[in-house]
Amino acid sequence: MLQRNWLSLIAVCAVAAPLISFAGPVDINRADAATIAKELEGIGPSRAQAIVQYREKNGAFKSIDDLRKIKGIGDKVLEQNRANIRLSGESPKK
């Protein structure tokens with residue numbers, strides 16, 4: 001019985017592991033769209049491309065809050081990702 005429970009637990013973990021994602025820090029002033037989409041929650045390929053296009057047209061983001069200027073990025077998405085967003089030249093906050 002105990003062995004069957006362990007096997008069940010292992011099976012559940014194997015299935016769930018790919019669903020668990022850990023976002024990593026990403027510099028929105030340097031990263032390409034694929035990296036932004038991969039590393040930030042709630043940012044898919046089209047929003048990531050919009051971030052890159054905005055940056056190319058308007059220059060580097062000066063503040064994380066500037067991402068609100070991108071259609072579809074609001075307070076919720078910013079707060080989900082604030083700890084993982086970097087700006088060129090900025091040190092991670094402790």
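Laboratory data are not the source of any read-out in this text; all were calculated from the coordinates shown. All figures in this text were calculated on a predicted structure; none of them were measured in a lab. Cβ placement follows ideal geometry from the backbone for every residue including glycine, while neighbour counts extend to all protein chains displayed.
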Quiz prompt | Distant-in-sequence amide H partners of V26 (H built 1.01 Å from N, under 5 Å) | solution = I85, R86
Quiz prompt | R0 of 22 Å, Cβ-Cβ distance T35-D75: FRET efficiency to nearest 0.05 | solution = 0.45
Exercise. Specify which residue in the list Y54, P25, L40 is farthest towards the positive end of the charge dipole of segment 23-86, using unit charges on the beta carbon of Lys, Arg (+1) and Asp, Glu (-1), about the Cα centre.
Key: Y54
